[in-house]
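The next block holds one structure in the form of C-alpha cells; read it before the comments.
The values are calculated or read from the model by the stated rules, or taken from the named source; none is laboratory data. This one's a predicted model, so the numbers in the text were calculated from it and none came from an experiment. Note that we place each Cβ from the backbone using ideal geometry, even for glycine, and neighbour counts take in every protein chain shown. Calculation scope for accessible area: heavy atoms of the full protein, side chains included, ligands and nucleic acids excluded. Shrake-Rupley method; radii C 1.70, N 1.55, O 1.52, S 1.80 Å.
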Amino acid sequence: MRTIGLIGGLSWESTMIYYQIINQRVRERLGGSHSANSLIWSVDYTTVEDLIFADRWDEVSTLLTGAGRKLQDLGADLLLICSNTFSRVSDDVERAVSVPVLHIADAVGAEVRARGMRKVGLLGTHFTMEQPFYRDRLAAHGFDVVVPRREQRELVHRVIFDELVRGVLRESSRDAYAQIIDDFADDGAEGVILGCTEIELLISEKDSAIPVLPSARLHAEAAAGFALAD
C-alpha cells in the first residue's frame, strides 16, 4: 500500500472528511480492520487565510511547498492539497517534489466525465468560482462550468469564510445554497460541484435538485484508489 500525504488544515473541518473517506475506502477494499498508510501536515488556517485575502499567494506557495517536501521526506508516495482554493499553488508544489500531486479539479473532472455530464454548476470561494486556475482545469475535461450570479457568489463566499471553516452550520445558509442549486438546474446544469471542501458539511444530495459532486470525497476516493493500485 502506498502512503498518502495530506496537506491539510485548509480548513481542518474538511480535512477530517479526507481522513475518514480514505480509511473507509481502504477498509472496503481490503476488508477486516485495514486502514490507510497516511501522513497529514496540517497548517494554521488563519495564517493562510490572511495571506490569500492579502493576495500574497507567493507566501502561500512557500508554506505549502514546504509542507509537501516534509511529507515526501517522511515517506509520502502521493500528495494532496486538501482544498479547492489552495489548489491554485498545486503546480508549485508539484515542481518542488518528486512524487505525484493529485489535483482536486482532476478528481472532480474525471467524475463529471464518467457521468457523461455536459454542463455543471460550481460553488466555492470567490477565488475558485472567478479565477481561471480552477475553472480552466475543469473545462479541460470537456464540459461547461457555470457559476452563480454575482450576489449569489458573494453569499456563497461569505458563508464559507464566516461559517463553514469555523464549524458553523446554519439552516438559513443551507436553504440559500439550495436555492442557488435550483437556479443551476433551471439553467440546464446536470450536476453541481461542491467546489469548496467545507460545503460538504452543509449540503448533501437531499438538499439538491441535481446530483452533487463533492470535491473532498472525490479527491479522497481518488487518493485511496492510487494507494491501492497494483
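When Arg69, Arg150, Arg174 are compared by accessible area at a 1.4 angstrom probe, the order from most to least is Arg150, Arg69, Arg174.
Directionally averaged projected area (the chain, Cα convex hull): 12.2 nm². The slack in the chain from Thr47 to Asp187, taken as 0.36 nm per residue of separation less the alpha-carbon distance, amounts to 46.6 nm. An ellipsoid equivalent to the stretch 73-134, defined through the eigenvalues of its Cα gyration tensor, has semi-axes of 24, 15, 8 Å when rounded to whole angstrom and sorted largest first.
In deg cm²/dmol and to the nearest 500, what is the mean residue ellipticity at 222 nm of the chain if only DSSP H runs of at least 4 residues count, each as -39500 (n - 2.57), divided by the residue total?
-16000 deg cm²/dmol
Per residue, the accessible area of the stretch 96-230 comes to 41 Å², computed with a 1.4 Å probe over protein heavy atoms only.
Please give the FRET efficiency for Arg118 paired with Ala229, using the beta carbon to beta carbon distance and R0 = 30 Å, rounded to the nearest 0.05. Taking R0 as 30 Å, the efficiency between Arg118 and Ala229 is 0.55.
The share of accessible area on the stretch 121-193 that comes from carbon and sulfur is 43 percent, using a 1.4 angstrom probe.
Using a simple spin-label model with pseudo-atoms 7 Å out from Cα toward Cβ, Ala178 and Arg166 lie 2.4 nm apart.
Surface listing: Ser215, Ser208 arranged by accessible area from highest to lowest gives Ser208, Ser215, probe 1.4 Å. Each label was represented as a point 7 Å from its Cα along the Cα-to-Cβ direction; for His141 and Val99 these points are 2.3 nm apart. Solvent-free Debye calculation, one equal scatterer per alpha-carbon of the stretch 116-183: log10 I(q)/I(0) at 0.21, 0.24 Å⁻¹ equals -0.90, -1.07. For His157, the accessible surface of its heavy atoms amounts to roughly 20 Å² (probe 1.4 Å, protein chains only, rounded to the nearest 10). Using 0.36 nm per residue and subtracting the Cα-Cα separation, the extra length available between Thr62 and Glu154 on full extension is 30.3 nm. Taking all protein chains together and a 1.4 Å probe, the residues Met117, Met16 rank Met16, Met117 from largest to smallest accessible area. The percentage of C-alpha pairs in the stretch 1-83 whose separation is greater than 18 Å is 46%.
Shown for the stretch 1-82: the carbon plus sulfur share of the solvent-accessible area, taken with all protein chains present and a 1.4 angstrom probe, equals 47%.
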